[in-house]
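Report on the structure given below.
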Amino acid sequence: QVQLVESGGGLVQAGGSLRLSCAASGGTVRNYGMAWFRQAPGKEREFVSGINWSGDSTYYADSVKGGFTISRDNAKNTLFLQMNSLKPEDTAVYYCAAERRGTGPKYEYTYWGQGTQVTVSS
């Protein structure tokens with residue numbers, strides 16, 4: 001059973017940066033598509049970014065294009081999200097997810113982490 005644990009969240013001022021990590025244990029996610037989602041208070045969870053198993057295909061929500069970068073290290077079973085030029089509207093709980101079939105906003109992901117809080121102050 002794959003377990004995902006996010007880290008790297010915190011409080012940052014607008015315009016600042018954070019790097020989220022998602023470590024997988026209990027099994028390898030080397031062949032899984034992986035993704036980041038977020039959920040702000042009172043809003044539905046939304047897709048932020050996805051990456052295929054090899055890392056050569058990436059997907060981004062329009063709202064984060066140009067500011068966020070997704071990457072993965074399969075040797076370390078870890079997913080990353082580099083977030084630059086953060087805005088108050090990026091405030092949310094960020095979740096990582098893994099799915100064997102692939103990645104993208106339309107997939108139903110099998111494994112989910114517990115989330116890490118990102119708060120961007122104005």
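The values are calculated or read from the model by the stated rules, or taken from the named source; none is laboratory data. Note that the coordinates shown come from a computational prediction; the quantities given were computed from them, not determined experimentally. All Cβ positions, glycine included, derive from the backbone under ideal geometry; neighbour counts span all protein chains shown. Heavy atoms of the whole protein, side chains included, go into the accessibility calculation; ligands, DNA and RNA do not. Shrake-Rupley method; radii C 1.70, N 1.55, O 1.52, S 1.80 Å.
Annotation note: Cβ proximity below 9 Å between a residue of region 77-88 that is among the basic types (Lys, Arg) and a residue that is surrounded by 19 or more Cβ atoms within 10 Å (Cβ to Cβ) (sequence gap 6+ or interchain) occurs for LYS87/VAL120. Considering only residues in region 106-122 that are under 13 Å from the mean Cα position of the chain (by Cα) and over 14 Å from GLN39 (Cα atoms), the one that is surrounded by the fewest Cβ atoms within 10 Å (Cβ to Cβ) turns out to be TYR111.
Taken together, the residues in region 73-104 that are more than 16 Å from LEU20 (Cα to Cα), open to solvent by less than 80 Å² (accessible area, probe 1.4 Å) and in a loop (DSSP other than H, G, I, E, B) amount to 3.
It is to be established whether one or more residues within region 51-66 are within 19 Å of GLN114 (Cβ to Cβ), β-branched (Val, Ile, Thr) and in a strand (DSSP E or B). No, region 51-66 has no match at all. Of all the residues in region 33-61, those that are hydrophobic (A, V, I, L, M, F, W, C) and either farther than 20 Å from SER7 by Cα or out of contact with any strand residue (DSSP E or B) (no Cβ under 8 Å at 6 or more places or on another chain) (or both) number 2.
Select from region 1-39 the residues that are in a loop (DSSP other than H, G, I, E, B), among the hydrophobic types (A, V, I, L, M, F, W, C) and closer than 15 Å to CYS96 by Cα and write down the one among them that is least open to solvent (accessible area, probe 1.4 Å). Here the answer is VAL29.
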